[in-house]
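Structure first, then comments.
The values are calculated or read from the model by the stated rules, or taken from the named source; none is laboratory data. Everything numeric in this text was worked out from a predicted model, so none of it was measured. Ideal geometry is used to build each Cβ from the backbone, glycine not excepted, and the neighbour counts take in all protein chains shown.
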């Protein structure tokens, strides 16, 4: 598996998302320390709106910036209602808990979350994912994700009850974009290797009802 191949698989995920994900919380953190909670909420919201306008004006993908804008509104709302800046990250804790629950349920039903996400992003037939010589790879990757979601949620909760806003920003930044990229790379590399070990057909072979021996999945997970 070449470096170029992995880079192409991740390009759509990492392109243009760093600023959209990291800068609004950073603006809130700095503004809260200098100007107080209410002004920080206003400034972070305006900044996110300007980021959406910039993405739209520069004809770049603005979906992630708009999602970030909605996220800032919701997060700032939690902080203002509780009159506690640390509650800005409360929605992220809810998200982590939801992902843990979703991963557990999907594994219990033998319909792993990683397979669903791959199906949604690639459009491959679900019947292929549920094969006994395919599904274990996606189950194992989902278990890996589950450990990450649980660790992130626990750290977020501990920092929240201690009102550690700087710590919440650091954890959500480090365990957000950078770790997401690392996890995607590891998931892809491990997934392709595991599918090869399982000996099932590749998606193209599955579609063509090709008989054994199969070459297996060589590109995409």
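At a glance:
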item: Any chance residue 195 is part of a helix (DSSP H, G or I), buried (at least 16 other Cβ atoms within 10 Å of the Cβ) and in contact (Cβ under 8 Å) with a residue 40 or more places away in the chain; result: yes
item: Helices (runs of 4 or more DSSP H) contained entirely in segment 81-134, each with at least 3 residues that are buried (at least 20 other Cβ atoms within 10 Å of the Cβ) and in contact with a helix residue (DSSP H, G or I) (Cβ under 8 Å, 6 or more places away or on another chain); result: 90-108, 113-122
item: Residues being part of a helix (DSSP H, G or I) and either surrounded by 18 or more Cβ atoms within 10 Å (Cβ to Cβ) or touching a helix residue (DSSP H, G or I) at 6+ places or on another chain (Cβ under 6 Å) (or both) - total across segment 158-172; result: 8
item: Test result for residue 78, modelled with pLDDT under 95 and under 18 Å from the mean Cα position of the chain (by Cα); result: no
